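K.L.:
First, the structure itself, so that you have it in front of you.
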Amino acid sequence: MILIAGMAFAAGIGLSWWHNRDTEGAPIDGLLWPDPPAVPEIALTRDDGTPFKLADLRGKWTLMFFGFTHCPDVCPTTLDLLAQVHTVLKKTPPYGTQGQVVFVSVDPERDTPAQLAQYVHYFHKDFIGVTGADSDLKPLTQALGVLFMKVAQGGPDYTVDHSAGIFFIDPAGRLVSVLTPPHTADAVIARFKAVSAFILGKS
Amino acid sequence: MRSVCMVLILLVNGAALACDGLVVEHAWLRQPPPGSDVAAAYFDARNDGAATLTITAVGSPDFKSAMLHATHVVDGRAVMRPQGDIELAPGAHFVAAPGGAHVMLFEPAKPPTVGDTLTLQLDCRAGEPLRVALPVLRDAPRATPP
Ligand SMILES: [Cu+2]
């Protein structure tokens, strides 16, 4: 039996909104321009227990993915892919010196920072795991239009429906693009190169 | 009379060994990352028999329980739900691959580790269950698109 547990942390905006946006002046597929949503101040916890704030996104090119460690299919598949992407992009600027992959757990009840550290570093030693209380996750998920929802699976177990997009955040802390699944490493790399070149050309 | 009936039942059951037509290839289990207590397995199935067959359940003697799941992307969200019976007409295929259908396995007898070969079992509506080798891999074989 599948019961909707009713715990919807829905951002006000659906994930499909960027498809419908005015893309005038945006030659790159999926580029959120000219009004990229800005990440507000956030107070999350990094996998080593230290704070993770907006300042940790500033000055970096971030590939962000949302999930949880009890997610056996989409999360490992996407994190393995992001490990390939990270390895390739690290070889060249601008990602080379300023790039980071951030995995945000939307299941703080089960994913402690220590558990997240083990989990993300299994995929790549550079990866950063981040989580926080539901109320602390909300400013970030709302700004990015990320939706997640707990769904009971019978018994005490539950799964979390979550955004499967890969979110690109630029060094100014703006969401500049979102890739929707199914993902391929080549497509993520190509999109990153196109989007980062465009943003650098604007600044 | 009673023994004749038994023989007849056995014969009828024998003729309906639907899992006999089932061919399962490329089965593999993703090594669960540390801290994760659920595992996912993937496989390619094909009905090489002459009659339609129905896969009704999946399991593994190496885990406490298992379920066939499908991951759907709905409005950009990854949604994992139980998948019903799989009906395969003669010649039909069913592919369980990352990002799509998978066998979700709970509570392993011991943590699955790359190099282990476990067992995947598929039950059909009729006939004997099919058991295939389930190697534990770090990631999808490169031939399988992610
Ligand atoms: Cu599943």
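The values are calculated or read from the model by the stated rules, or taken from the named source; none is laboratory data. Source: prediction; values computed, not measured. Don't worry about glycine lacking a Cβ; one is built from the backbone with ideal geometry, like all the others, and counts go over all protein chains shown.
K.L.:
Could you grab me the full set of residues in the range B:61-85 that are surrounded by 20 or more Cβ atoms within 10 Å (Cβ to Cβ), more than 10 Å from chain A (Cβ to nearest Cβ) and away from the ligand (no atom under 14 Å from the Cβ)?
P.N.:
B:Asp62
K.L.:
Of all residues in the range B:117-144, how many are acidic (Asp, Glu) and assigned to a loop (DSSP other than H, G, I, E, B)? So that I can check it myself, show each step before the final result.
P.N.:
First pass over the range B:117-144, keeping only residues acidic (Asp, Glu): B:123, B:128, B:139.
After this cut, where a residue has to be assigned to a loop (DSSP other than H, G, I, E, B) as well, the list is B:128, B:139.
The qualifying residues number 2.
K.L.:
Hey, another quick one. Quick check on the range B:86-116: of everything there that is within 11 Å of the ligand (Cβ to nearest atom) and in a strand (DSSP E or B), which residue is farthest from the chain's Cα centre (by Cα)? Before the answer, list the steps.
P.N.:
As a first pass, look at the range B:86-116 and keep what is within 11 Å of the ligand (Cβ to nearest atom): B:96, B:100-106.
If we keep only those that are in a strand (DSSP E or B) too, we end up with B:96, B:101-106.
On the way: B:Ala96: 8, B:Ala101: 10, B:His102: 8, B:Val103: 6, B:Met104: 10, B:Leu105: 11, B:Phe106: 14 Å.
Among those residues, the one meeting the criterion is B:Phe106.
K.L.:
If you don't mind, another one. Give the number of residues within the range A:180-194 that are within 10 Å of another protein chain (Cβ to nearest Cβ) and surrounded by 21 or more Cβ atoms within 10 Å (Cβ to Cβ). Working first, answer last.
P.N.:
At the first step, the residues of the range A:180-194 found to be within 10 Å of another protein chain (Cβ to nearest Cβ) are A:180-185.
Subset that is surrounded by 21 or more Cβ atoms within 10 Å (Cβ to Cβ): A:183.
So the count comes out to 1.
K.L.:
With the requirement that a residue be basic (Lys, Arg) and touching a strand residue (DSSP E or B) at 6+ places or on another chain (Cβ under 6 Å), what does the range B:95-146 give you? So that I can check it myself, show each step before the final result.
P.N.:
So in the range B:95-146, the residues basic (Lys, Arg) come out as B:110, B:125, B:131, B:138, B:142.
Passing the criteria: B:Arg125, B:Arg131.
K.L.:
Are there any pairs, at least 6 apart or on different chains, whose C-beta atoms fall under 8 Å, with the first in the range B:81-94 and polar (S, T, N, Q) and the second part of a strand (DSSP E or B), and if so, which?
P.N.:
Close Cβ pairs satisfying both conditions: B:Gln83/B:Leu68; B:Gln83/B:His69; B:Gln83/B:Ala70; B:Gln83/B:Ala101.
K.L.:
Could you go through the range A:157-169 and let me know if any residue there is under 22 Å from A:Trp33 (Cα atoms) and out of contact with any strand residue (DSSP E or B) (no Cβ under 8 Å at 6 or more places or on another chain). Walk me through it before giving the result.
P.N.:
Going residue by residue through the range A:157-169, those that are under 22 Å from A:Trp33 (Cα atoms) are A:163-169.
The next check asks that each one be out of contact with any strand residue (DSSP E or B) (no Cβ under 8 Å at 6 or more places or on another chain); those that pass are none.
Within the range A:157-169, not a single residue is under 22 Å from A:Trp33 (Cα atoms) and out of contact with any strand residue (DSSP E or B) (no Cβ under 8 Å at 6 or more places or on another chain).
K.L.:
While we're looking at this one, here's another question. For the range A:31-74, enumerate the residues that are hydrophobic (A, V, I, L, M, F, W, C) and within 16 Å of the ligand (Cβ to nearest atom). So that I can check it myself, show each step before the final result.
P.N.:
So in the range A:31-74, the residues hydrophobic (A, V, I, L, M, F, W, C) come out as A:31-33, A:38-39, A:42-44, A:52, A:54-55, A:57, A:61, A:63-66, A:68, A:71, A:74.
Answer for the range A:31-74, where residues must be hydrophobic (A, V, I, L, M, F, W, C) and within 16 Å of the ligand (Cβ to nearest atom): A:Phe68, A:Cys71, A:Val74.
K.L.:
Quick check on the range A:81-94. Is at least one of its residues facing chain B (nearest Cβ under 8 Å) and modelled with pLDDT of 95 or more? Break it down stepwise before answering.
P.N.:
Our first condition is that a residue be facing chain B (nearest Cβ under 8 Å); within the range A:81-94, this holds for A:81.
Filter once more, keeping what is modelled with pLDDT of 95 or more: A:81.
Checked against the condition, which is being facing chain B (nearest Cβ under 8 Å) and modelled with pLDDT of 95 or more, the range A:81-94 yields at least one hit.
K.L.:
I would also like to ask the following. Just wondering, is there one or more residues in the range A:105-128 that are within 10 Å of chain B (Cβ to nearest Cβ), at positive phi and in contact (Cβ under 8 Å) with a residue 40 or more places away in the chain? Step through it out loud before you land on a result.
P.N.:
Taking the range A:105-128 first, the residues within 10 Å of chain B (Cβ to nearest Cβ) are A:110-112, A:114-123.
Right, trim to at positive phi and you get none.
Looking for residues that are within 10 Å of chain B (Cβ to nearest Cβ), at positive phi and in contact (Cβ under 8 Å) with a residue 40 or more places away in the chain, one finds none in the range A:105-128, hence no.
K.L.:
Across the range B:40-54, what is the number of residues that are in contact with a Lys or Arg (Cβ under 9 Å, 6 or more places away or on another chain) and more than 16 Å from the ligand (Cβ to nearest atom)? Step through it out loud before you land on a result.
P.N.:
Taking the range B:40-54 first, the residues in contact with a Lys or Arg (Cβ under 9 Å, 6 or more places away or on another chain) are B:40-42, B:53-54.
Subsequent filtering for residues that are more than 16 Å from the ligand (Cβ to nearest atom) retains B:53-54.
The qualifying residues number 2.
K.L.:
Given the condition at the interface with another protein chain (Cβ under 9 Å from one of its Cβ atoms) and within 25 Å of A:Lys150 (Cα to Cα), answer yes or no: does some residue in the range A:55-67 qualify?
P.N.:
Of the residues in the range A:55-67, the ones at the interface with another protein chain (Cβ under 9 Å from one of its Cβ atoms) are A:67.
From the residues that got through so far, the ones that are within 25 Å of A:Lys150 (Cα to Cα) too are A:67.
Taking every residue of the range A:55-67 in turn, at least one turns out to be at the interface with another protein chain (Cβ under 9 Å from one of its Cβ atoms) and within 25 Å of A:Lys150 (Cα to Cα).
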